Amino acid sequence: MTIRMLALLDGTLVDSSASVERAWRRWAEQRTAVLVGTIDDLLAHQRGRVADDTIRSYAPSLTAAEVEVDATEHLAGQAMDSADTVAMPG
């Protein structure tokens, strides 16, 4: 199963809210020079969106290749930082 597939399970089978927020904060700190809006804006609007779309929205000056690399690294970082990910109730 790919990391992107696991991301689709978030909010349905697992709750990884804490690691998701940490991953977006790390990304925003790394891309602060091109970030449009604030990290709080990004966090408020990233739920239910794939990483590529969020990155394109909040860093529109990045190339397609940069978006792809950032999205892959973001999801990998989120997966590696999953110690507090828990099963959803039910």
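Just so you know, all these numbers are worked out from the coordinates, no wet-lab data involved. Since this is a predicted model, take the numbers as computed values, not measurements. FYI the Cβ positions are ideal-geometry reconstructions off the backbone, even for glycines, and counts take in every protein chain you see.
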statement: With the first residue restricted to segment 73-90 and required to be among the hydrophobic types (A, V, I, L, M, F, W, C), and the second required to be part of a strand (DSSP E or B) and surrounded by 12 or more Cβ atoms within 10 Å (Cβ to Cβ), Cβ contacts under 7 Å at 6 or more apart or on different chains are Val86/Val14; Val86/Asp15; Ala87/Val14; Met88/Val14; Met88/Asp15
- request: Any chance you could count how many residues in segment 14-62 are of a type in the set (Lys, Arg), loosely packed, with under 14 Cβ neighbours inside 10 Å and assigned to a helix (DSSP H, G or I)?
  value: 1
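If a residue has to be assigned to a loop (DSSP other than H, G, I, E, B) and surrounded by 16 or more Cβ atoms within 10 Å (Cβ to Cβ) to count, how many in segment 63-81 make the cut?
Residues that pass the stated criteria total 1.
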